[in-house]
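A.B. asks: Here it is, the structure in full.
Computed from the coordinates by the stated procedures, all read-outs in this text should not be read as laboratory data. Keep in mind that what you see is a predicted model, and the values were worked out from it rather than measured. So basically every Cβ, Gly included, is an ideal-geometry build from the backbone, and we count neighbours across all protein chains shown.
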There are 2 protein chains.
Amino acid sequence: MIQTDIIIIGAGPVGLFTVFEAGLLKLRCHLIDSLPVPGGQLTEIYPKKPIYDIPGYPIVNAGELVDKLIEQSAVFKPGFTLGESALTMEETPEGHFIITTNKGTQHTAPIVIIAGGLGVFEPRKPPIENLEQFEDKGVEYIIRDPEFYRGKNVVISGGGDSALDWTIFLIENKIVKELSLVHRRTSFRGHLDSVQKVMDMANSGKINLITESEVTGIKPNGNGHLGSVVIKHTTLGDIVKDTDHFIPLFGLTPSLGPIADWGLEIEKNAVKVNTFDYSTNRKGVYAVGDINTYPGKLKLILCGFHEGTLAVQSAFARIFPNKKNVLKYTTVNGVSGF
Amino acid sequence: MIQTDIIIIGAGPVGLFTVFEAGLLKLRCHLIDSLPVPGGQLTEIYPKKPIYDIPGYPIVNAGELVDKLIEQSAVFKPGFTLGESALTMEETPEGHFIITTNKGTQHTAPIVIIAGGLGVFEPRKPPIENLEQFEDKGVEYIIRDPEFYRGKNVVISGGGDSALDWTIFLIENKIVKELSLVHRRTSFRGHLDSVQKVMDMANSGKINLITESEVTGIKPNGNGHLGSVVIKHTTLGDIVKDTDHFIPLFGLTPSLGPIADWGLEIEKNAVKVNTFDYSTNRKGVYAVGDINTYPGKLKLILCGFHEGTLAVQSAFARIFPNKKNVLKYTTVNGVSGF
């Protein structure tokens, strides 16, 4: 069991800065994140993109900002449980919390700060009966490793950049044996050059482009694995297509994930907090950054910095009810780490 | 009359960043500051000191941070009225505000955001009857220009660095004709080397060091100007000393200054705001940064950044009650200035 003062769920920019502010109060932190590295969305979604609204940075790349925040918090030696998602939160009779991850790692602390960003990204699934029965048996919503599809027959559905880009990648790299791209409309929502490439591939017979159609049914092969899909054309009726894999790429929607079951007040897919210390309805549990909501909430990194700072002040008062905490300015005293 | 969307009182770090956030919403700002340059306390009090708690900056000099904030806000071309203090705030029948400075410059806008830091620094005055009658007639609390005292007889009172440093400066640069330093105790609170220098000056007869004494009275000369001071020794009784100037240097205390008379709810020498949008009790008037107070308030620059950001969102809704403002991320759209 990992013991600490504050368990922080989420190692994005706000979680990282919260470590720093907690450290100034001599509180130790341990961060849990489902991603394999710290940085959250900044590392995962847009590491090379510039951000212009971090105070004091006229421009900064997301990845560079994460590096700076890791450096800033490093003096307070946070612990990390990475590549694991926080699954359950239990409360002990003494009012401490036990957080257990999907891999069974356990953490305990008197304070939990949820800095989970937009939460867990869940795939949008097409409304096909029995779809979920074929998950990991030929139906995948995310292409994690393209090599997994080498020499296979694949049906992709979707009309956005993800469907287009993976189609191009799997064909250009000669990975799949046969690829069908199924799309409800005749036009695509992706970048113009991607659309052009896919059209060229269709015209030269490298892919089957099946528009004005959608996959409406799934059938198993003899082993209970996916064997074929039913493709329904708007006017022409159904065809059945044999395939090894069906990959609906309809985008990812953020969801609170397991946190939704932790007994916290939820509003608009976010954790409700008050604006005095960003505490939730459960004493000792705070939520900061994009995952919380309150009147006037803005989902900005700079707001999360403020929220984390006020949350650890409140956490300090909760852990040490009789200790007076006088705000010390780093300008006067500097920073001494652990 | 200077017209703008938002008048910001105070050109410190929080005022400057508020310009940037207002600019993202296409709102123009004009800043008023009594100091001759932007930056507030960071420029005035500790430009060379490092700050460690600006998110994303493991360390940054106060002066460097101000430069970055000026650069960040420059794209939105703020106006500046510098070296003048905001004196009065009037409201027009249409609910706009007119801010007039001590030099008579007038500004009007539908929104006022007070980012006044610790406010105005006011001198601590000794309890001498009629002291204020002699202000600018021989009594000064701040030495603005040492040359003003050339060839004069001067009485300084105080036991801190300010009293010691000015004594040393005025003597070493042979500015004054005669200098008496009056202090209530025998020991000083200043830096050891300053104390030593002043003691040496006293021993060599370059100054009159009068300890265990305080100035208790003031007398005019024939012209209504200061003519002499009464110095009371703890045990030896009073002496009357002729002098051209009496300069009590007992330090500066921050005060709200004229803002205290603007009809705003005040608490603990700060402007009370709510935590949803940092608005005051007067509609259209906000207070952000060190000058405001609310439950849980921390006087940190990073909190002021958050407060200014939420305040301009609220200001936008007030100026354009029927316009929907959708939060745009700079990462996606970049920043386009005025």
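A.B. asks: Over the Cα atoms of segment A:52-147, what radius of gyration and what Dmax do you get, in Å?
C.D. replies: Looking at segment A:52-147, its Cα Rg and Dmax stand at 19.3, 53 Å.
A.B. asks: Continuing with this model, one more query. Farthest toward the dipole's positive end in segment B:47-163, which of B:Ala115, B:Val75, B:Tyr52, given Cβ charges of +1 (Lys, Arg) and -1 (Asp, Glu) about the Cα centre?
C.D. replies: B:Tyr52
A.B. asks: Name the long-range amide H neighbours of A:Ile266: under 5 Å, sequence gap of 5 or more, or other chain; modelled H, no Pro or chain starts.
C.D. replies: Answer set, sorted by chain and number: A:Lys272.
A.B. asks: Taking 0.36 nm per intervening residue step and subtracting the Cα-Cα distance, what contour gain separates A:Asn130 from A:Thr211 on full extension?
C.D. replies: 26.8 nm
A.B. asks: Once Lys and Arg get +1 and Asp and Glu get -1 on their Cβ, which of B:Ile247, B:Ala202, B:His191 lies farthest toward the positive end of the dipole of segment B:125-248?
C.D. replies: The Cα lying farthest towards the positive end belongs to B:Ala202.
A.B. asks: Could you work out the Rg to Rh ratio of the protein assembly as shown, with Rh taken as the Kirkwood radius (inverse of the mean 1/r over all Cα pairs)?
C.D. replies: Reported Rg/Rh (Cα atoms, Kirkwood Rh): 1.12.
A.B. asks: Bin all alpha-carbon pair distances of chain A at 10 Å intervals from 0 and give each bin's fraction as a whole percent.
C.D. replies: 5, 22, 26, 19, 16, 9, 2, 0
A.B. asks: Contact order normalised by length for chain A, with contacts defined as Cα pairs under 8 Å and 6 or more residues apart; what percent is it?
C.D. replies: In percent, rounded to a whole number, it is 19.
A.B. asks: Mind checking the angle between helix B:161-172 and chain B's longest principal axis? C-alpha axes, 0 to 90 degrees, to the nearest 10.
C.D. replies: 60 degrees
A.B. asks: Search the structure for amide H atoms under 5 Å from the amide H of A:Gly79, placed 1.01 Å from N in the peptide plane, and list their residues when 5 or more places away or on another chain.
C.D. replies: Residues meeting the amide H criterion: A:Cys29, A:His30, A:Leu31.
A.B. asks: May I ask you to derive the FRET efficiency for B:Phe80 and B:Lys26 from their Cβ-Cβ distance with R0 = 25 Å, giving the value to the nearest 0.05?
C.D. replies: Given R0 = 25 Å and the Cβ-Cβ separation, E is 0.80.
A.B. asks: In whole angstrom, how far apart do the alpha carbon centroids of segment B:2-17 and segment B:56-75 sit?
C.D. replies: So the separation of the two Cα centres works out to 17 Å.
A.B. asks: Just to confirm the number: angle between the C-alpha axis of helix B:301-319 and the first principal axis of chain B, 0 to 90 degrees, nearest 10?
C.D. replies: Tilt of helix B:301-319: around 50 degrees.
A.B. asks: Only bridges with both residues in the protein assembly as shown count here: give the DSSP antiparallel percent, nearest 5.
C.D. replies: Percent antiparallel among DSSP bridges in the protein assembly as shown is about 50.
A.B. asks: State to the nearest 20 debye the size of the charge dipole of the protein assembly as shown about its Cα centre, where the only charges are +1 on K and R beta carbons and -1 on D and E beta carbons.
C.D. replies: 20 debye
A.B. asks: Per residue of the protein assembly as shown, what 222 nm ellipticity follows from adding -39500 (n - 2.57) for every DSSP H run with n ≥ 4, rounded to the nearest 500?
C.D. replies: So the calculated ellipticity at 222 nm is -7000 deg cm²/dmol.
A.B. asks: Within 10 Å of each residue's Cβ, count the other Cβ atoms and sort B:Arg150, B:Arg318 from fewest upward.
C.D. replies: B:Arg150, B:Arg318
A.B. asks: Work out the length of the dipole vector of segment B:64-188 about its Cα centre, built from +1 on the beta-carbon of each Lys and Arg and -1 on the beta-carbon of each Asp and Glu, and round it to the nearest 20 debye.
C.D. replies: 480 debye
A.B. asks: Another question about this same structure. Other chains' Cβ within 10 Å of A:21-27 residues: what's the mean?
C.D. replies: That average works out to 1.
A.B. asks: Give the calculated FRET efficiency between B:Asn269 and A:Tyr46 to the nearest 0.05, with a Förster radius of 35 Å applied to their Cβ-Cβ distance.
C.D. replies: Calculated value: 0.20.
A.B. asks: In debye, nearest 20: dipole of chain A around its Cα centre with unit charges on the Cβ of K, R (+) and D, E (-)?
C.D. replies: 520 debye
A.B. asks: Could I ask something else about it? Any idea what angle helix A:192-203 forms with the longest principal axis of chain A, computed on alpha-carbon atoms, 0 to 90 degrees, nearest 10?
C.D. replies: Helix A:192-203 sits at roughly 30 degrees to that axis.
A.B. asks: Grab the alpha carbons of segment B:125-248, take their convex hull, and tell me the volume per residue in Å³.
C.D. replies: Value for segment B:125-248: 101 Å³ per residue.
A.B. asks: Of A:Val176, A:Ala163, A:Asn269, which is farthest on the positive side of the dipole of segment A:148-280, counting Cα position, with +1 on Lys and Arg Cβ, -1 on Asp and Glu Cβ, and the Cα centre as origin?
C.D. replies: Farthest towards the positive pole: A:Val176.
A.B. asks: For the modelled label position 7 Å from the Cα of B:Ile142 along Cα-to-Cβ, which residues of segment B:34-72 have backbone nitrogen atoms closer than 11 Å?
C.D. replies: Only B:34-36 pass the distance filter.
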